[in-house]
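What follows is calculated from the coordinates using simple rules that are stated; it is not laboratory data. Keep in mind that what you see is a predicted model, and the values were worked out from it rather than measured. Note: ideal-geometry Cβ built from the backbone for every residue, glycine included; neighbour counts use all protein chains shown.
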Amino acid sequence: MRFLMIMIFILASSSSLGLAKDRYPFSTEKQQQQFERIINDMRCMVCQNQNLADSSSGFADDMRSEIYKMVVAGKSDRQVIHFMVKRYGYFVSFDPPFYRETYLLWLAPLLLLAIAFLIGRSVYKKYRGS
Amino acid sequence: MILKKILKSLMPLLIFLVILAFLVKSLHRDPHTVPSPFVGKPMPSLPGVHSDLFKHHVTVLNVFASWCLYCRAEHPLLMDISETKGLTMIGIDYKDEPKEMRIFLKHYGNPYSNIIADPNGTIAINLGVYGTPETFIIDKKGVIRYKHVGPITLNDWRDTLKPLIQRLLRGV
């Protein structure tokens with residue numbers, strides 16, 4: 001029974017999380033968190049609606065190890081993201097900055113809200129009038 | 001008043017037309033082709049590659065691999081392109097076995113005057129490459145002038161790449 005318990009414990013502890021940590025070992029918790037933050041915020045260019053953390057493609061793997069190297073070298077979030085944006089364009093980031101190509105994306109919610117307000121007001125006026 | 005009524009009844013049609021315009025536009029757009037921020041910029045420094053390699057001549061830089069089927073498809077055209085006078089063709093062998101690559105080039109011909117091995121894809125990432133094949137056209141000053149994603153078709157070559165290369169060779 002004890003043997004069985006030990007086996008179960010060993011199996012349970014070798015989870016995928018453990019494997020991921022073996023693959024990208026960090027000396028500090030902070031770097032680990034930084035790495036996870038960045039790969040969650042970046043698009044895999046091959047499978048475009050997945051981020052780097054979720055994608056299992058070979059390309060995402062290369063990007064992760066490249067980001068890993070930069071994080072270990074002590075680069076900041078901004079530096080790592082800048083490196084990738086310089087090479088792949090703003091499309092690579094899931095959190096694009098306000099820019100000429102992206103202003104419509106950022107302003108669209110406000111624009112839609114304004115349209116909704118105008119429609120709502122005209123409907124309200126109509127019903128109050130009758 | 002009548003005008004307002006007409007306008008109101010036309011509203012759904014107008015909205016439909018706007019949506020239609022967007023749909024028609026996206027029909028001709030390939031979401032996998034992302035514009036490269038490198039076009040118009042000098043060649044970035046690549047780990048283990050001397051930057052002079054891309055200067056003083058017009059270069060076609062082709063990212064390929066022996067395991068890549070689309071590369072095989074565009075290979076005959078690359079062989080033709082490599083015969084263009086004054087043009088240098090450099091290959092980046094992306095995540096490949098050197099042995100496999102040699103067999104590939106022996107079998108299909110070697111259009112490259114220089115081959116850079118990129119066994120773990122680091123050079124490709126530094127170039128903003130996200131698949132094979134990809135092709136860059138670099139002018140005599142080492143500035144990237146064009147990037148083509150995917151295999152080059154005969155039409156791409158005739159309509160876009162060839163005119164650009166001819167212009168660059170003339171030194172414009």
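What the table shows:
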quantity: Descending semi-axes in Å of the range B:35-111, equivalent ellipsoid built from Cα gyration tensor; calculated: 22, 16, 13
quantity: Eligible lysines near A:LYS30 by straight Cα distance, threshold 16 Å, same-chain separation 8 or greater; calculated: A:LYS21, A:LYS69, A:LYS75
quantity: Descending Cα extents along the principal axes, chain B, whole Å; calculated: 78, 36, 30
quantity: Average other protein chain Cβ within 10 Å of Cβ, residues B:118-131; calculated: 4
quantity: For B:VAL58, distant residues with modelled amide H under 5 Å away; calculated: B:THR88
quantity: Per-residue average of Cβ from other chains inside 10 Å of B:35-41; calculated: 3
quantity: Least to most buried among B:HIS57, B:HIS75, A:HIS82, B:HIS107 (fewest other Cβ within 10 Å first); calculated: B:HIS107, A:HIS82, B:HIS57, B:HIS75
quantity: Relative contact order %, the range A:16-130, counting alpha carbon pairs below 8 Å whose residues are six or more apart; calculated: 20 percent
quantity: Expected 222 nm ellipticity per residue - DSSP helices of 4 or more, -39500 (n - 2.57), all of chain B, to 500; calculated: -11500 deg cm²/dmol
quantity: Mean Kyte hydropathy of 1.6 or more with a Cα span along the axis of at least 18 Å, helices from DSSP in chain B; calculated: B:2-27
quantity: Inter-chain shielding of A:49-59 (mean C-beta neighbours from other protein chains, 10 Å cut-off); calculated: 1
quantity: Neighbour cut-off at most 10 other Cβ (10 Å), DSSP loop, trypsin sites (Lys or Arg not before Pro), the range A:62-130; calculated: A:ARG100
quantity: Relative contact order of chain B, pairs being alpha-carbon contacts under 8 Å that are 6 or more residues apart, as %; calculated: 28 percent
quantity: Kyte-Doolittle at least -1.0, axis length at least 30 Å by Cα - qualifying DSSP helices, chain A; calculated: A:103-129
quantity: Partner lysines for A:LYS125 [C-alpha distance under 20 Å; skip if fewer than 8 residues away on the same chain]; calculated: B:LYS4, B:LYS5, B:LYS8
quantity: Amide H within-cut-off set for B:ILE116, under 5 Å, with H built and near neighbours excluded; calculated: B:GLY91, B:ILE92, B:ASP93
quantity: Calculated from backbone phi, Karplus (6.51, -1.76, 1.60) coupling profile of the range A:41-49 in Hz, x at Gly/Pro; calculated: 9, 10, 7, 7, 6, 8, 10, 4, 9
quantity: Under 14 Å from B:LYS99, Cα to Cα: aspartates and glutamates that are on another chain or at least 8 residues apart; calculated: B:ASP118
quantity: Check: the protein assembly as shown dipole with +1 on Lys, Arg Cβ and -1 on Asp, Glu Cβ, in debye; calculated: 1600 debye
quantity: Segments A:101-110, B:144-153 sorted - mean Cβ within 10 Å per residue, highest first; calculated: B:144-153, A:101-110
quantity: Quarter of Cα convex hull surface for chain A, i.e. mean projection, nm²; calculated: 15.1 nm²
